[in-house]
Structure formats: structure tokens, C-alpha cells
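The values are calculated or read from the model by the stated rules, or taken from the named source; none is laboratory data. Values in this document were obtained by computation on a predicted structure and should not be read as measured data. Cβ placement follows ideal geometry from the backbone for every residue including glycine, while neighbour counts extend to all protein chains displayed. To get the accessible areas, we keep the full protein, side chains included, count just its heavy atoms, and leave off ligands, DNA and RNA. Shrake-Rupley method; radii C 1.70, N 1.55, O 1.52, S 1.80 Å.
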Amino acid sequence: TAEAIDEDGWLHTGDLACRTPEGNFSITGRLKDMIIRGGENIYPKEVENILNQHQDVSEAVILPIDDQKWGKVGLAFIKSTNPILDDESLRIFLKDKLAKYKYPKHFVFLKEFPVTSFGKISRRDLYRLFKKEFEKI
């Protein structure tokens, strides 16, 4: 908590937002989840929203992981309704929908995602569960 409140008393939540032309704000993600790949900002929520449009994807979560060449890259966790869905099919799907530098570098397919007591996907538990996989990549 002390790190989130600055010397002037402002609470820094880490939320990222955009202001619409009408003057409203829309939350686009969290600062700690943003991926900076070779100097380019990638917002996981944008990539997740596009992947979730695929007919065989029931849920997608993108996490930043370290990469020797690019600094950070995306790791996509995919919950699919199709057991033969693969990363190449998803890359083809993304082709006309997303800049190539925003593509997740790695894909992991899961049957279920860990969830918090509030029913939200637990990114922290995804990190914990797959830490050994991150170290192999």
C-alpha cells in the first residue's frame, strides 16, 4: 500500500485508461501487464479481445515474459473448445487483425484457468503454475 500512495497522497492503482472523444474513460489494462517488446507497447487486453473472437477460443489470457532479444514478449494461455486448435492456426487468424509484433510468441492450451475467489482468472496463479515452463522457453 505504501508504494501505491505517493508523497502527495495520490493512489496509483496501475490501471491504464483511454479517454474517448466524449470525455469518458475506458480501462484498457494494467501497467504491470503491459508488454514492452523491442520498444513497442503491447496491451494484453487488445490481443486477448481479438483472440477471443476466434470461434474455437473460449478464453485467452496474455502474460508478459522475458525474452533475450525483445525484452518482453507475450505468452498466450488459451482455453479452447477445439482440442486440435494450435498456435499456427491462431497466428493465421491474427494475420489481418493485429500488427505482427503484437502476436504472442508462445501459446499454452489449457482445459481450465485458475480463478480467484471472485471468479476472475488468476494471472498470479498462471505465473506460478507455469513458472517452470517460462524458464524452459
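Per residue, the accessible area of the chain comes to 70 Å² when a 1.4 Å probe rolls over the protein heavy atoms. Note on segment 1-22 and segment 78-137: Cα centroid distance 28 Å, given to the nearest whole angstrom. Note on segment 51-126: Lys pairs 8 or more places apart or on different chains, Cα atoms under 19 Å apart, count 12. Provide the FRET efficiency to the nearest 0.05 for the R91-E112 pair, computing r from the beta carbons and using R0 = 25 Å. About 0.55, to the nearest 0.05.
Under a Gaussian network description of the chain, with springs only between Cα atoms under 10 Å, the residue in V73, V61, V115 that fluctuates furthest is V115. Remark: the F25-A2 segment gains 5.7 nm on full extension, using 0.36 nm per residue and subtracting the alpha carbon distance.
In what sequence, largest accessible area first, do F25, F109, F118, F130 appear using a 1.4 Å probe?
Numbers: F25 145, F109 80, F118 185, F130 35 Å².
Heavy-atom accessible area, descending, gives F118, F25, F109, F130.
Of the accessible area of segment 1-65, with the probe set at 1.4 angstrom, what percent is carbon plus sulfur? Don't skip to the answer; put the middle values down first.
On the way: 2140 of 4360 Å².
Accessible surface attributable to carbon and sulfur in segment 1-65 totals 49 percent.
Within the shell of other residues whose beta carbon sits under 13 angstrom from the beta carbon of K100, the net charge comes to +4, with Lys and Arg scored +1 and Asp and Glu -1.
Only protein heavy atoms count here; on that basis, with a 1.4 Å probe, K45 has an accessible area of about 100 Å².
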